[in-house]
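Asks: Structure below; questions to follow.
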Amino acid sequence: MALCGAVLAGGCAGDAEAPLRFWAMGREAEVVAELIPQFERETGIAVEIQQIPWTAAHEKLLTAFAAEALPDVCQLGNTWIPEFAALGTLEPLQPYVDASAVVDEDDYFPGIWDTSVVDGHLVGVPWYVDTRLLFYRKDLLRQAGVERPPATWAEWERAMAAIKRQAGPGRYAILMPLNEFEQQLSFALQQDDPLLREHDNRGNFQSPGFRRALAFYANMFEQGWAPKMSETQISNVWDEFFNGLYVFYLSGPWNIREFRKRQPAALEGQWGTMPLPGPDGPGAGIAGGTSLVLFRDSRRKERAWKLVEFLSRPDIQQRFHAMIGDLPPRRSAWEHPSLADDELSRAFRDQLERVRPTPKVLEWERIVQEMRIATERVVRGGQPQDRALRELDARVDAILEKRRWMYERDRAAQADAAGARP
């Protein structure tokens, strides 16, 4: 028995000293591999990186959960965090943050930080951020008689009407591909009404706020300011931007590099980025991106946290941005000249102060696709908005049926426990 105990203890110690297992996705996995040697030199902690394609990442994580084979550290998309929190797999991180000299909550954009807080518990640290705003042609805006970029919906509508009058048939004020949901979601997040109601157990798409967002979105197509196209129906979104097919394009930060790479010399300086207009002023946007998480079953949590701290350092985030273009979630990282002096990045810095997280339910990715399908039926199929939203709420309620059952079960259990107390 003593020998068996010694063997088991030795096995656990050996496991604890094994290299950290870090799962990262897509292009980020390739880039972060270039940063890890510095971490290993500074700490003496070995790291084993597994690169996972985004298309396979979700299934692989669920398979690893079922097999009790999750890694120590993982890059997790912000919309996936509620799902893995509900599974009980994520380590609460507030105690680590409270003791950290590196990770400072006040230095993070609030909306981004909030994406990793589920049911009041911090379960992730934002690694990089993603949001959507407007790329636009400065020269074509001036030709249409618009003196400054619009800041409100009303100003934006007047600008789009002026652009369309100037451009004529076959050209448009804005491109918003119908196979994307980010545009509708951005406008919806600018409203006071939440997207889900009753403790996130039912759809709230018939609310006045979402009705207003859908009406604003659909009107762009009704007026002929936006073409009824998906991205696959356009030969090349970058070339068509510089050809003047459209003036505004709602997209993300990766396109800074793409537009710079493809811009004709004659149009250098004639295009830019601007924050999203809102109903009454600069508006909210999507709090996208990924966070770094630790898994509860890891036997190397203390060392794993050191890796999270390393990747969260402003100097490392600046290097990561220079290598891949992903935006840092910390305000201090934006003070570096590569970002602070970049006119095209500056609008993203402004937008990030107003981003909002989406509802933190594990069914969200299904729900947002239902939203996209419903809004496309309105725009492309001419379905009445009232009917589309009524049917959308019904489909969302069906998706959330199990969530409602679990909520009621938990409430009943809490009531029973409270009644049993002396």
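The values are calculated or read from the model by the stated rules, or taken from the named source; none is laboratory data. Fair warning: this is a prediction, and the values are worked out from it, not measured in the lab. So basically every Cβ, Gly included, is an ideal-geometry build from the backbone, and we count neighbours across all protein chains shown. Just the protein is used for accessible areas: all its heavy atoms, side chains included, with ligands, DNA and RNA removed. Shrake-Rupley method; radii C 1.70, N 1.55, O 1.52, S 1.80 Å.
Asks: Tell me the trypsin sites (Lys or Arg not before Pro) within the range 229-302 that lie in a loop according to DSSP and have at most 14 other beta-carbon atoms within 10 Å.
Replies: 296, 299
Asks: Now for a separate question. Round to the nearest 10 and give me the degree value, 0 to 90, for the angle of helix 153-167's Cα axis relative to the longest principal axis of the chain.
Replies: Relative to the chain, helix 153-167 is tipped by roughly 50 degrees.
Asks: How far is the Cα center of the range 210-283 from the Cα center of the range 343-411, in Å?
Replies: 22
Asks: Lys/Arg Cβ at +1, Asp/Glu Cβ at -1, dipole of the chain taken about the Cα centre: which of 152, 275, 63 is farthest positive-ward?
Replies: 152
Asks: A further question on this structure: Roughly what angle does helix 385-399 make with the longest principal axis of the chain, taking Cα atoms, 0 to 90 degrees, to the nearest 10?
Replies: Roughly 10 degrees between the two axes.
Asks: What is the calculated FRET efficiency for residue 193 to residue 380, with r their C-beta to C-beta distance and R₀ = 25 Å, to the nearest 0.05? Spell out each step's value before the answer.
Replies: On the way: r = 25 Å, r/R0 = 1.01.
The calculated FRET efficiency here is 0.50.
Asks: Once the Cα atoms of helix 54-66 and of the chain are each reduced to a long axis, what angle between those two axes, in degrees from 0 to 90 to the nearest 10, is obtained?
Replies: 30
Asks: Stokes-Einstein at 10 °C, 1.306 mPa s, Kirkwood radius from Cα pairs: D for the chain in µm² s⁻¹?
Replies: Answer, rounded: 67 µm²/s.
Asks: Using helices alone, what [θ] at 222 nm do you get for the chain, with -39,500 (n - 2.57) per DSSP H run of 4 or more residues, divided over all residues and rounded to the nearest 500?
Replies: Working: 20 runs with 209 residues, N = 422.
So the helix-based figure for the chain works out to -15000 deg cm²/dmol.
Asks: State, to one decimal in nm², a quarter of the convex hull surface area for the C-alpha atoms of the range 167-207, i.e. the direction-averaged projected area.
Replies: 4.4
Asks: Okay, moving on. Could you work out Rg/(2.2 N^0.38 Å) for the range 117-216, with Rg from alpha carbons only?
Replies: Details: Rg = 17.8 Å, N = 100, 2.2 N^0.38 = 12.7 Å.
Computed over Cα atoms of the range 117-216, the ratio equals 1.40.
Asks: Taking only the alpha-carbon positions of the range 168-266 and ignoring solvent, what does the Debye formula give for the base-10 log of I(q)/I(0) at q = 0.13, 0.18, 0.21 Å⁻¹?
Replies: Per q value, in the given order, log10 I(q)/I(0) is -0.56, -0.90, -1.08.
Asks: To continue, here is another question. Taking the range 95-146, which chymotrypsin sites (Phe, Trp or Tyr not before Pro) meet the DSSP loop condition and have no more than 15 other C-beta atoms within 10 Å?
Replies: On the way: sites: 96, 108, 113, 127, 128, 135, 136; in loops: none.
In loop regions of the range 95-146 (DSSP not H, G, I, E or B), there are no sparsely surrounded chymotrypsin sites (Phe, Trp or Tyr not before Pro).
Asks: If you don't mind, there's one more thing I want to ask. Taking the solvent-accessible surface of protein heavy atoms with a 1.4 Å probe, what is the per residue accessible area of the chain in Å²? Don't skip to the answer; put the middle values down first.
Replies: On the way: 19100 Å² over 422 residues.
Per residue, the chain has 45 Å² of solvent-accessible surface.
Asks: Please give the solvent-accessible surface of residue 121 in Å², to the nearest 10, using a probe radius of 1.4 Å with every protein chain present.
Replies: Surface open to solvent at residue 121 totals about 110 Å².
Asks: Given R₀ = 45 Å, FRET efficiency for residue 211-residue 101 by Cβ-Cβ distance, to 0.05?
Replies: 0.40
Asks: Same structure, new question: Quick one: ranking 402, 60, 228, 138 by accessible area, 1.4 Å probe, largest first, what do you get?
Replies: Per-residue accessible area, sorted high to low, gives 402, 228, 60, 138.
Asks: Another question about this same structure. Which whole number in µm²/s is D for the range 357-422 by Stokes-Einstein, with the Kirkwood Rh taken over Cα pairs at 25 °C and 0.890 mPa s?
Replies: Stokes-Einstein gives a translational diffusion coefficient of 174 µm²/s.
Asks: Turning to a different aspect of this structure: Full extension from residue 148 to residue 30: what is 0.36 nm times the residue separation minus their Cα-Cα distance, to one decimal in nm?
Replies: 38.4 nm
Asks: Follow-up question, since we're still on this one. Per the Kirkwood treatment, what hydrodynamic radius in Å, one decimal, follows for the range 59-173 from the mean inverse distance over all distinct Cα pairs?
Replies: Across the range 59-173, the inverse of the average 1/r is 18.2 Å.
Asks: Treating only the Cβ atoms of Lys and Arg (+1) and Asp and Glu (-1) as charged, compute the dipole magnitude of the chain about its Cα centre; round to the nearest 20 debye. Don't skip to the answer; put the middle values down first.
Replies: Values: 50 positive and 61 negative charges, 236 e Å.
Rounded to the nearest 20 debye, it is 1140 debye.
Asks: Given a Förster distance of 51 Å, report the FRET efficiency between residue 409 and residue 158 from their Cβ-Cβ distance, rounded to the nearest 0.05. Walk me through the numbers on the way to the answer.
Replies: On the way: r = 52 Å, r/R0 = 1.02.
It comes out at approximately 0.45.
Asks: Then there's this: What does a probe at residue 350 reach in the range 154-186, counting residues whose amide N is under 18 Å from the point 7 Å along Cα→Cβ?
Replies: 154-160
Asks: Measure of size requested: the Rg and Dmax of the range 180-326, with Cα atoms as the atom set and Å as the unit; please supply both.
Replies: 20.2, 59
Asks: According to a simple spin-label model (label point 7 Å from Cα along Cα-to-Cβ), what is the distance in nm between residue 46 and residue 17?
Replies: 1.1
Asks: Solvent-accessible area of residue 386, probe 1.4 Å, all protein chains present, reported in Å² to the nearest ten, please.
Replies: For residue 386, solvent-accessible area is about 90 Å².
Asks: Leaving ligands, DNA and RNA out of it, report the carbon-plus-sulfur percent of the accessible area of the chain at a 1.4 Å probe. Before the final figure, lay out each step's value.
Replies: Working: 9540 of 19100 Å².
So the carbon and sulfur contribution to the accessible surface is 50 percent.
Asks: Starting from the eigenvalues of the Cα gyration tensor, five times each then square-rooted, give me the equivalent ellipsoid semi-axes of the range 283-422, largest first, whole Å.
Replies: Sorted largest first and rounded, they come to 37, 30, 13 Å.
Asks: Between residue 341 and residue 235, what length in nm is gained on full extension when 0.36 nm per residue of separation is reduced by their alpha carbon distance?
Replies: Gain on stretching residue 341 to residue 235: 34.9 nm.
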